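Notes for the one structure printed next.
The values are calculated or read from the model by the stated rules, or taken from the named source; none is laboratory data. These numbers come from a predicted model, not from an experiment. When we count neighbours, we look across all protein chains shown, and the Cβ atoms used for this are built from the backbone with ideal geometry, even at glycine.
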Amino acid sequence: MTVRSAIFRLFKLTTLSAILLFPALSVAQSEISREDLRDMSRNVIPETRSTETIGTPYLFDEFQNGVVTLKDGNITETLSMNFNVYENRVEYADGQAILAFLGDEITSFEIYDGPNLMSFKKGFEARGLEKDEFVQVLSEGSATGLLKHEITFQQNVPTYGSATQRDEYVTNMRLYVHENGETERIRRMSERGITRSLNADRNELRNFISENNLNLDNPYDLRQLFEFYNQIN
């Protein structure tokens, strides 16, 4: 899917559907008007490319329902929004326009992936992670699991069996654990790499992974593991 098509499809979701389908996000009574939001946002002009592009700079192909927490602690109304991972910015639909929050105006956001609610925060710092970069919070407790979504852009990628070259957005993830005030990267997102990095009985963690058939490349399975880790730790 091209960037233009991903942008175009965001208008499938309306404010009414957000209220009906996602009441958990609609509970908060926002004191922020649309005019206020526009003042702390800027217009985004979708980039068009003459070359065929594989992938998208966004977390989702389509814009989803979510809310944003501002630096003053206020929470917005439910928005049709998406996380532009490549640019590390939150974008939302306002009528026929797409606006992006200025980075220093927001501290966190929550967005639905189907029935699953994903939470993102910034303020963590470690190798390969800057304080102004948003990371997905997997589980909070004695240890906070953090997942950094990454997207890089590669130009003129050769196409197998063809002379045609295409541009491509390539996705990646980095896993971190925030514990005792420090954030450390878990270098390998494998069972061995994760269990060796956590301060718990490794056999107990391995048994939990096996019994629940967890796929540690899946953010929701990772969240289960960190929730279990916080329960036993």
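Worth a mention:
- Lone qualifier among 17, 5 - being modelled with pLDDT under 90 and within 27 Å of residue 169 (Cβ to Cβ): 5
- Hey, residue 51 in contact with a helix residue (DSSP H, G or I) (Cβ under 8 Å, 6 or more places away or on another chain), among the polar types (S, T, N, Q) and not in a strand (DSSP E or B) or not: no
- Among the residues of segment 107-142, those that are among the basic types (Lys, Arg) and either in contact with a strand residue (DSSP E or B) (Cβ under 8 Å, 6 or more places away or on another chain) or part of a strand (DSSP E or B) (or both) comprise 121, 122, 127.
- Matching residues in segment 209-218 - criterion: being assigned to a helix (DSSP H, G or I) and either buried (at least 18 other Cβ atoms within 10 Å of the Cβ) or touching a helix residue (DSSP H, G or I) at 6+ places or on another chain (Cβ under 7 Å) (or both): 209
- Here 188, 196, 206 are screened, and the one residue that is basic (Lys, Arg), outside any helix (DSSP H, G or I) and more than 19 Å from the chain's Cα centre (by Cα) is 188.
- Any hit, segment 95-106, residues being in contact with a helix residue (DSSP H, G or I) (Cβ under 9 Å, 6 or more places away or on another chain), surrounded by 19 or more Cβ atoms within 10 Å (Cβ to Cβ) and over 21 Å from residue 31 (Cβ atoms): yes
- Close contacts from segment 43-60, counting a first residue that is within 10 Å of residue 168 (Cα to Cα) and a second that is modelled with pLDDT of 90 or more and in a loop (DSSP other than H, G, I, E, B), with Cβ to Cβ under 8 Å and a gap of 6+ residues or different chains, come to 57/85; 57/86; 57/87.
- Segment 82-117, residues that are in contact (Cβ under 8 Å) with a residue 60 or more places away in the chain and under 15 Å from residue 151 (Cβ atoms): 82, 83, 85, 86
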